[in-house]
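Structure record follows, encoded as structure tokens.
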Amino acid sequence: MLSGVDAPIRLLIVNDDAEEAEAIVSHLRNAGLAIRPARAATLEELDSHVATHPFDVVLAASPTAGLSDLEVLQRAGANGRDLPVVVEVDHIDDTLLVALTESGARGIVLRGQFAHLQEVVVREFTDLEARRGLRRLEAQIRETERRCDALIESSRDPIAYVHEGMHIRANRAYLEMFGYDEFEDIEGMSLLDLVAPSYVIEFKQLLKSLSRGETPPPRHELEARDAEGNSFPAVMEFTQAKYEGEPCIQVILRRQESDPALAQEVEELRRRDMATGLLNRQTFLQQLEHLVGEVATDGSSHGLLLMEPDQSAQLEQQVGLDNVDDLAVAIAGRINETFGDKAVIARTGENTYALLLRGSDYNATSAAAERLRAAFNGRLLETADATLSATVSVGGVQIGERIAQVPRVVSKATESLQNAAGMGGNRVEIFDPSATERVEEERIQTWITHIREAIANDSMRLHYQPIVNLQDETEQFYESLLRMVGSDGHTIPPAQFVPMAEEHGLAGAIDRWALRHALQDVAAQSVGATPAKVLVKICQESLDDEKLVPDIFALLQETGAAPASLVLQLPESKVFTNLRQAQRLNEELRAMGAHFCIEHFGVGLNSLQLLSHLNPAFLKLNQDFITDFTRSQENRDRVQEIVQKAQSQQIACIARGVADAATMTALFTTGVEYMQGDFIAPAGERMAPAY
């Protein structure tokens, strides 16, 4: 046997010449390979064979009859199958090699070179068996870990894991015994805090002995204390254990068990979402993990759908905060009405619903997603006090051998949902691992077209958030925030289209659009001798463009805006990596009377050193400093250091993300000149003073 392969290789040959296919099989068998062949001459036969038989290798042996190598590659890998394709060609050049490799060909051989074909078939079969074995092992490990965790979690015995006297894991029974709702309530809490005062000294000695590595006693009787301070007799049992690879102590508390029927009812409630009665996130993820494990062991195919209502905030406003649960019940009812017991349905987030479709191929998953979307589109949604018109976005993933890991499955489904919602909602997007490149290219092209049309058709929008001068409340200063209008009229945030624009050379055109409209708006807003200011972000492409400043000068003349009204903004990271360009831009802006601002300032290892090379008009402090400002002495010291350095160079500092009065007051004492945040004034469609 060649290369020690003695298992039968199930080979699908795609060729409409029966004699040529037979010759290939004969040569492989003569080389000692146990070949179990099948032949497909048309696209329909290829689909039928792949759908009904578990092949190991597909050989595209110069297919004809209108069936190209690329079609074979696409069909063989559909529905997430891990099915290697070897392509036989008459000749090979760089262009063909790159095209076939990028399309997913695992091997390329010249027609008639049977020795090479044998080696490639054996190599791909061996690699496939290794991947299958790895998936089986990973599934077994996941299943073992899941079962162990499930056994601990579902145990009626209160169980906890303690490291150096601190809780690092506790099951539901343990939390309920002490009156806590979530593990986070006791995570890191000392075990001493759950011991009655009269037993603390004795138990402290026990913990000290455990910290010295001494063998724990099998039992220890004491009185425990719950969250309300009530004491109760308990017996602790200790066992040496490991949790996530770290040595620890397993603690089991023994006390009288609850009524079995009541315990079963409590367990069922624990598995359900309290508002809708659907499965909750934890239970759903357990079922998903089980299904993914099946894929790794038997090669089955399943579908996962995630759904969110479009414009959920508006829907919640329509029903009122008191009736948000009624809205969730109505949505859950519509999903149940559409699918019934044909899907595992869960509520996995406040506005997110998930469906598991067992045994569903790509076409069936796509059809189910469309059926889910159609169940809401054009149909009224009724609650007790309101009748609503709602659409939904649906994202999904085809679970197959190529994507048999729970984190990847959830990540791809979430990404598909975000893409569907980001393109305006009322859409379906399903991720098929076999068609990743093709789908991604189509998605990119759709976005590029949409961005170009938005620029050409003036479908961008600027929102403005006031920046308040603490020394002069009459000054008008705004940050422009870019938005794009979707085809359905919904607003698309910049995070969903700006990275794509930067990657494909469209960011410079967006910057010019934003500059033109911001200057028009600030010119209309400026009254009196002191013009209003507007802060506009620019991208790397504009920073590198020597025509930027001349274009700005032309826009200033066109709009009638004063140069002093313009502040261009770049993040610290780009200023550091493009220091020479940033210096040039800062000097040219200053020469015309405009200003330069560095945002996210303070994130670098030596941010203050940057100010010895560049003297901007403004620094916008990194928002992480502001978020935890009142509780972090380190953040307060850092901000104070930056402000003092900036003031010594006559640079004004802006604190963005001010969320409460306490933070505002604390920042005022540091000498920060400007503040910005939703607490002070939210962003709006027009320039409106904060006060």
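Annotations for the structure displayed:
- Answer residue from the stretch 394-432, given it is of a type in the set (Val, Ile, Thr) and assigned to a strand (DSSP E or B) and is surrounded by the fewest Cβ atoms within 10 Å (Cβ to Cβ) among those: Val428
- Residues within the stretch 273-298 that are touching a helix residue (DSSP H, G or I) at 6+ places or on another chain (Cβ under 6 Å) and either not in a helix (DSSP H, G or I) or not assigned by TED's automatic domain parsing to the domain that holds Thr352 (or both), tallied: 3
- Restricting the stretch 116-147 to residues that are modelled with pLDDT under 80 and of a type outside the set (Lys, Arg) leaves a set whose member that is farthest from Glu246 (Cα to Cα) is Glu143.
- For the stretch 575-606, taking the residues that are part of a helix (DSSP H, G or I) and touching a helix residue (DSSP H, G or I) at 6+ places or on another chain (Cβ under 6 Å), the one that is modelled with the lowest pLDDT is identified as Val575.
- Per the listing Phe625, Phe629, the residue uniquely buried (at least 21 other Cβ atoms within 10 Å of the Cβ), of a type outside the set (A, V, I, L, M), within 18 Å of Gln569 (Cβ to Cβ) and under 29 Å from the mean Cα position of the chain (by Cα) is Phe625.
- Total residues in the stretch 25-34, condition of a type in the set (A, V, I, L, M) and either modelled with pLDDT of 85 or more or assigned to a loop (DSSP other than H, G, I, E, B) (or both): 3
- Residue within the stretch 485-506 that is out of contact with any helix residue (DSSP H, G or I) (no Cβ under 6 Å at 6 or more places or on another chain), part of a helix (DSSP H, G or I) and surrounded by 18 or more Cβ atoms within 10 Å (Cβ to Cβ) present: yes
- Condition check for Ile159: closer than 30 Å to Ala404 by Cα, in contact with a Phe, Trp or Tyr (Cβ under 8 Å, 6 or more places away or on another chain), aliphatic (A, V, I, L, M) and surrounded by 12 or more Cβ atoms within 10 Å (Cβ to Cβ): no
- Any hit, the stretch 654-671, residues being on the phi > 0 side of the Ramachandran plot, modelled with pLDDT under 90 and surrounded by 15 or more Cβ atoms within 10 Å (Cβ to Cβ): no
- Subset of the stretch 155-199 (residues that are free of Cβ contacts under 8 Å to residues at least 40 places away in the same chain, among the aliphatic types (A, V, I, L, M) and outside any helix (DSSP H, G or I)): Met166, Ala170, Ile186, Met189, Val195, Ala196
- The listed residues are Arg81, Arg75, Arg106, and the only one of them that is under 30 Å from Ser301 (Cα atoms), outside the structural domain of Thr365 (by TED's automatic domain parsing), free of Cβ contacts under 8 Å to residues at least 24 places away in the same chain and among the basic types (Lys, Arg) turns out to be Arg106.
- Among (1) within 30 Å of Arg580 (Cβ to Cβ); (2) in a loop (DSSP other than H, G, I, E, B); (3) polar (S, T, N, Q), the one test that Ser480 misses: (2)
- Scanning the stretch 406-413 for any residue that is under 30 Å from Leu128 (Cβ atoms), in contact with a strand residue (DSSP E or B) (Cβ under 7 Å, 6 or more places away or on another chain) and without any contact (Cβ under 8 Å) to a residue 40 or more places away in the chain turns up at least one such residue.
- Among the residues of the stretch 88-105, those identified as within 30 Å of the chain's Cα centre (by Cα) and surrounded by 13 or more Cβ atoms within 10 Å (Cβ to Cβ) are Thr101, Ser103, Gly104, Ala105.
- Counting the residues of the stretch 114-142 that are surrounded by fewer than 18 Cβ atoms within 10 Å (Cβ to Cβ) and under 30 Å from Glu187 (Cβ atoms) gives 3.
- Of all residues in the stretch 626-652, exactly one satisfies the criterion of being in contact (Cβ under 8 Å) with a residue 40 or more places away in the chain and not in a helix (DSSP H, G or I), namely Ile651.
- Positions within the stretch 218-239 being more than 37 Å from the chain's Cα centre (by Cα) and under 21 Å from Glu153 (Cβ atoms), in sequence order: Ala224, Asp226, Ala234, Met236, Glu237, Phe238, Thr239
- Where Ala523 falls short, out of the listed (1) in a helix (DSSP H, G or I); (2) hydrophobic (A, V, I, L, M, F, W, C); (3) touching a helix residue (DSSP H, G or I) at 6+ places or on another chain (Cβ under 6 Å); (4) surrounded by 19 or more Cβ atoms within 10 Å (Cβ to Cβ): (4)
- Count - residues of the stretch 200-214 that are surrounded by fewer than 13 Cβ atoms within 10 Å (Cβ to Cβ) and hydrophobic (A, V, I, L, M, F, W, C): 1
- Taking the stretch 330-350 as the range and being closer than 18 Å to Ser393 by Cα and of a type in the set (Val, Ile, Thr) as the test, the residues that pass are Ile331, Ile335, Thr338, Ile345, Thr348.
- Evaluation of Gly112 against the conditions (1) in a helix (DSSP H, G or I); (2) farther than 25 Å from His302 by Cβ shows that the sole unmet condition is (1).
- Of the residues making up the stretch 493-508, none is closer than 24 Å to Thr559 by Cα, in the same structural domain as Glu599 (by TED's automatic domain parsing) and either among the basic types (Lys, Arg) or at pLDDT below 85 (or both).
The values are calculated or read from the model by the stated rules, or taken from the named source; none is laboratory data. This structure is a prediction, so every number in the text was calculated from the model and none was measured. Counting neighbours? That spans all protein chains shown, and the Cβs are built from the backbone with ideal geometry, glycine included.
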